[in-house]
Amino acid sequence: MRKWCLYAVLLFFMPLLCLFAQKNQLVIYTWEEMIPQEVLDDFTRETGVEVVLKTFDFNEDMLIELEMSNGSGYDLVIADDYIVEFVIEEGLAQKLNKQQLPNLKNVNPFYQHQFYDPQDEYTIPYGAGIQTIVYDPAKLPFSINGFSDFWNPALRKRLGITANYRVINGMVLKTVGSGYNETDPAVIEAAGARLLQLAPNVRVMQDTDLDDYILNGDIDVALMYTDQVFKSLVQNPNLKMVYPEEGIGFGIMPAFIPVNASNPQAAHWFLNAIMEPRRGARCFEYLGYYCTFSASEPYIDPDYRPFLLLPTEERNGRIVNKFGNYEVMLNLPGEAEIAHAGIWDAFTSVLEN
């Protein structure tokens, strides 16, 4: 009889216990090394909410997870801009309650009103970056000015590139006068033939740790993400950073709350917390991407500012970005996407062999 009473009590209280646990937990879904542990610890100490970090490797994996769970299972997601456009279109993100986000005023307007969220209803920009060239001038008898220099035969097995097909395909398209968002399959396939010619120069192709390769001297030139550029130049100021003369790809990492998040209240608390000026500065110093909160800029270490603040200059009385011709990567129609995937598969097959 006592066992049955205990079972009945547990059966009654279990849903309440689960609900309590959810309300005292914030589940964040993003890549590795996106948020400093000290910021997570501060948040838990101030709110009593435990933070659980779950990670994905590719944006597409995240989207599949949200689609399968109908926007549940996670309270806050940070991903790339192009995939967030899909998330919003599919109704998998909820609108922000801006009354709970008084620190929204700290966001840099340059990063707002973007293609994926024109009215800033769903997202907060958490970092932004470009694909930049870094090389060791002491090891090369010539200068690197743009992507086209990657095909120089003198760079055989001396080049490192990211493993993102849109970045690399777009890089090649830029060298033939097109761009990252090319949709003509014939133009894409022609760029694919040129991409194959690059294979002999590529020593390593991966998304992570390219900075280690150039710092260790395993490669002399690399196409890197902003955080890798930051790590490379901080550790070796003799390396040289180049904004490619052909133009570059630019992207933002928006944070959003899934439509059926278990704890949207805690997600709002967390977003507001990281937009606090000093805390935001700590986040970007750890993250290594461009600071997207204007109010945090004065608190970033002066040694890091050249790498973490949007590079600007005055032209004809106007302040403009210093890297000039940039292009955001948009979602492409099916036929173009198939063409991009085809030339990428051919390229990776050559590298593997």
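The table below gives the values:
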quantity: One residue from 111, 116 being farther than 18 Å from residue 274 by Cβ and buried (at least 17 other Cβ atoms within 10 Å of the Cβ); calculated: 116
quantity: Filter pass, residue 43 being within 17 Å of residue 274 (Cβ to Cβ) and either out of contact with any Cys (no Cβ under 6 Å at 6 or more places or on another chain) or free of Cβ contacts under 8 Å to residues at least 24 places away in the same chain (or both); calculated: yes
quantity: Given (1) assigned to a helix (DSSP H, G or I); (2) at pLDDT 95 or above; (3) of a type in the set (D, E, K, R), number of the condition residue 166 does not satisfy; calculated: (2)
quantity: Residue satisfying all of: in the stretch 164-215; in contact (Cβ under 8 Å) with a residue 24 or more places away in the chain and among the hydroxyl-bearing types (Ser, Thr, Tyr); surrounded by the most Cβ atoms within 10 Å (Cβ to Cβ) among these; calculated: 180
quantity: Where a residue in the stretch 229-240 is crowded, with 19+ Cβ neighbours inside 10 Å and its partner, wherever it lies, is of a type in the set (S, T, N, Q), with Cβ under 9 Å and at least six apart; calculated: 229/132; 239/232
quantity: Qualifying residue in the stretch 227-237 (condition: under 10 Å from residue 134 (Cα atoms) and of a type in the set (Ser, Thr, Tyr)); calculated: yes
quantity: Criterion violated by residue 315 - all others in (1) assigned by TED's automatic domain parsing to the domain that holds residue 177; (2) without any contact (Cβ under 8 Å) to a residue 40 or more places away in the chain satisfied; calculated: (1)
quantity: Contacts under 6 angstrom Cβ, first residue in the stretch 147-158 being of a type outside the set (Ser, Thr, Tyr), partner part of a loop (DSSP other than H, G, I, E, B), 6 or more apart; calculated: 147/244; 147/246; 158/219; 158/220
quantity: Qualifying residue in the stretch 330-343 (condition: touching a residue at least 12 places away in the same chain (Cβ under 8 Å) and in contact with a strand residue (DSSP E or B) (Cβ under 8 Å, 6 or more places away or on another chain)); calculated: no
quantity: Filter result for residue 295 (surrounded by fewer than 19 Cβ atoms within 10 Å (Cβ to Cβ), among the small types (Gly, Ala, Ser) and in a helix (DSSP H, G or I)); calculated: yes
quantity: Residues of the stretch 236-289 satisfying the condition of being among the small types (Gly, Ala, Ser) and part of a strand (DSSP E or B); calculated: 249, 251, 255
quantity: Set 33, 65: member being closer than 17 Å to residue 267 by Cβ, acidic (Asp, Glu) and either modelled with pLDDT of 95 or more or part of a loop (DSSP other than H, G, I, E, B) (or both); calculated: 65
quantity: Any strands (runs of 3 or more DSSP E) falling wholly within the stretch 113-162 and containing at least 3 residues that are more than 21 Å from residue 174 (Cα to Cα) and at pLDDT 95 or above; calculated: 123-130
quantity: The one condition in (1) surrounded by 13 or more Cβ atoms within 10 Å (Cβ to Cβ); (2) touching a residue at least 60 places away in the same chain (Cβ under 8 Å) that residue 91 fails to fulfil; calculated: (1)
quantity: Given (1) in contact with a Leu (Cβ under 8 Å, 6 or more places away or on another chain); (2) free of Cβ contacts under 8 Å to residues at least 40 places away in the same chain, index of the condition residue 299 fails; calculated: (1)
quantity: Single unsatisfied condition, residue 128 versus (1) over 23 Å from residue 86 (Cα atoms); (2) among the small types (Gly, Ala, Ser); (3) surrounded by 15 or more Cβ atoms within 10 Å (Cβ to Cβ); calculated: (1)
quantity: Filter result (modelled with pLDDT of 95 or more and among the aliphatic types (A, V, I, L, M)) within the stretch 243-255; calculated: 252, 253, 255
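The values are calculated or read from the model by the stated rules, or taken from the named source; none is laboratory data. Note that the structure is a prediction, hence the values are computed from the model and not measured. Virtual Cβ from ideal backbone geometry, glycine too; neighbours counted across all protein chains shown.
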